[in-house]
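The values are calculated or read from the model by the stated rules, or taken from the named source; none is laboratory data. Note that this is a predicted model, so its numbers are computed, not measured. Ideal geometry is used to build each Cβ from the backbone, glycine not excepted, and the neighbour counts take in all protein chains shown. Ligands, DNA and RNA are excluded from the accessible area calculation, which covers all protein heavy atoms including side chains. Shrake-Rupley method; radii C 1.70, N 1.55, O 1.52, S 1.80 Å.
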Amino acid sequence: MSNGKTHIGILGIGAIGSAISCLLKANTSLDLYFYNRTPKDTIRVRYNDIESEILLDDINNYNQKLDWLIICLKEHQYDNTTATLLKLVRPQTKLVSIRNGLYHKEPLLKYTKEENILECIIDCPTQQRQDGFYKRLRKPVLTVPENKLARDFEILFPSGEVTIKQTLDFKTSCWEKVCESATLGAILCLSGETCWIFQDEELLELYKTALKESIQVAIEDGAKIEVDFIDKMVTKLLSYPPEKSSSMLTDRLNGKPIELGAKNEVIIERGKQNGMPTPINDLFVKLLKKINTTIGK
Ligand SMILES: NC(=O)c1ccc[n+]([C@@H]2O[C@H](COP(=O)([O-])OP(=O)(O)OC[C@H]3O[C@@H](n4cnc5c(N)ncnc54)[C@H](OP(=O)(O)O)[C@@H]3O)[C@@H](O)[C@H]2O)c1
């Protein structure tokens with residue numbers, strides 16, 4: 001901290017990085033710094049009828065001593081981030097990893113001590129629109145393990161704008177998110193369509209069957225998934241607007257690699273390790289990998 005303000009870096013200014021940036025911008029005790037692979041000059045987010053815009057006049061400034069670095073990258077994007085993280089992470093920098101998947105801390109342990117890393121999953125459907133805005137569909141829910149770092153993180157956000165859930169069972173929360181997003185993401189990505197397709201009973205049945213397969217792996221892996229989880233997910237799915245997409249479908253349409261390691265691949269991997277067959281996810285991954293081989297990294 002210098003000039004009395006807390007210095008926050010946001011790494012990865014895509015859908016989630018943009019949504020988080022606009023929320024933090026309302027806290028005037030913070031100085032925000034932005035980092036993205038492709039330089040950008042603005043962040044634009046729309047939520048209900050409110051448009052937020054941040055001008056990025058100093059993007060990728062590596063001279064700041066950051067108190068926090070909030071990483072909003074997809075799992076596979078961590079591979080190419082070593083040089084950036086080496087420049088940005090100092091002994092006092094606390095890291096927040098917001099992403100899907102399991103094992104959030106692993107790729108970050110070479111940069112800092114474990115107690116400086118906060119793992120986070122986010123429920124905040126946000127999708128890119130043609131006009132350069134990201135459209136956020138809901139108030140974000142961020143789930144983090146219960147600890148001191150989580151309490152410090154929570155107070156960075158203006159009150160009421162986000163829900164931060166602290167949990168003693170972060171593993172179960174991660175698994176619930178993996179099951180939900182891998183199932184929805186794979187079906188939308190492979191069909192090339194948005195959520196309107198679940199008006200078709202057969203596709204809704206496929207969603208439930210694939211979700212059940214993932215849940216069985218999660219439970220075998222130690223997650224404590226409640227018995228009514230599928231019903232809750234179906235209710236949530238049917239509440240989405242017909243045009244709701246998924247980041248896997250968006251990546252396919254944009255010719256970008258689809259996030260598989262944090263989703264269907266981890267289900268297969270944990271299934272194998274626990275002796276659980278995963279025929280539906282095997283098929284999903286076979287087809288999605290084919291798509292990934294046809295697009296550039
Ligand atoms: N989108 C959603 O609705 C949603 C909801 C819940 C959870 N999530 C999860 O949140 C995580 C982030 O997803 P997202 O949708 O925000 O992804 P995204 O829109 O693809 O954003 C990722 C951003 O990171 C940047 N980036 C990639 N590699 C980089 C590098 N080496 N250095 C600096 N910047 C780099 C990308 O820059 P370029 O401009 O160069 O591509 C892009 O702007 C994922 O795990 C996703 O599954 C997403």
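Could you order peptides 257-268, 216-227, 98-109 by the average number of other Cβ atoms within 10 Å of their residues, highest first?
257-268, 98-109, 216-227
For a protection proxy built on the mean count of beta-carbon atoms within 10 angstrom, sort 7-16, 29-38 highest first, please.
Values: 7-16: 23.2, 29-38: 17.4.
Ranked from most to least packed, the peptides come out as 7-16, 29-38.
Given a 1.4 Å probe, how much area per residue of the chain is accessible, in Å²?
Details: 14360 Å² over 297 residues.
Result: 48 Å² per residue.
Share of antiparallel DSSP beta bridges in region 1-132, in percent to the nearest 5? Please list the in-between numbers first.
Details: 7 of 25 bridges.
Of the beta bridges lying entirely in region 1-132, close to 30 percent run antiparallel.
What pairs in K113/K256; K74/K244; K110/K224; K244/K272; K224/K272; K208/K256 have C-alpha atoms more than 25 Å from each other? Provide the component values of the computation, followed by the final result.
Values: K113/K256 32 Å; K74/K244 20 Å; K110/K224 30 Å; K244/K272 32 Å; K224/K272 19 Å; K208/K256 27 Å.
Flagged as over cut-off: K113/K256; K110/K224; K244/K272; K208/K256.
Using a Förster distance of 25 Å, how high is the FRET efficiency between D79 and L190, based on the Cβ-Cβ distance and rounded to 0.05? Show your work: numbers first, answer last.
Working: r = 24 Å, r/R0 = 0.98.
Calculated transfer efficiency: 0.55.
What percent antiparallel are the DSSP beta bridges of the chain, to the nearest 5? Please list the in-between numbers first.
Numbers: 13 of 39 bridges.
So the antiparallel bridges amount to about 35 percent of the total.
Testing the spin-label approximation: label points 7 Å from Cα along Cα→Cβ at N60 and D41. State their distance in nm.
1.6 nm
Only four residue types carry charge here, +1 at the Cβ of Lys and Arg and -1 at the Cβ of Asp and Glu. Report the dipole size of the chain about the Cα centre in Debye, rounded to the nearest 20. Working shown, then result.
Values: 40 positive and 40 negative charges, 162 e Å.
The dipole of the chain has a size of about 780 debye.
Please list, ordered by chain and number, the residues whose modelled amide H lies under 5 Å from the amide H of I13; skip anything fewer than 5 residues away on the same chain.
R37
Determine the share of region 81-232's accessible area contributed by carbon and sulfur atoms, expressed in whole percent, with a 1.4 angstrom probe.
49 percent
Where a ≥ b ≥ c are the square roots of the eigenvalues of the C-alpha gyration tensor, would you call region 210-287 rounded, which needs a/c under 1.5, or, failing that, prolate if a/b is larger than b/c, or oblate? If you can, show how the numbers build up before the last one.
Values: a/c = 2.52, a/b = 1.18, b/c = 2.13.
Taking the square roots of the gyration eigenvalues as a ≥ b ≥ c, region 210-287 is oblate.
Does region 59-183 come out rounded, prolate or oblate, given a ≥ b ≥ c as the square roots of the eigenvalues of its C-alpha gyration tensor, rounded meaning a/c under 1.5 and, failing that, prolate meaning a/b above b/c? Could the numbers behind the result be given before it?
On the way: a/c = 1.37, a/b = 1.18, b/c = 1.17.
It is rounded, given that a/c, with a ≥ b ≥ c, falls under 1.5.
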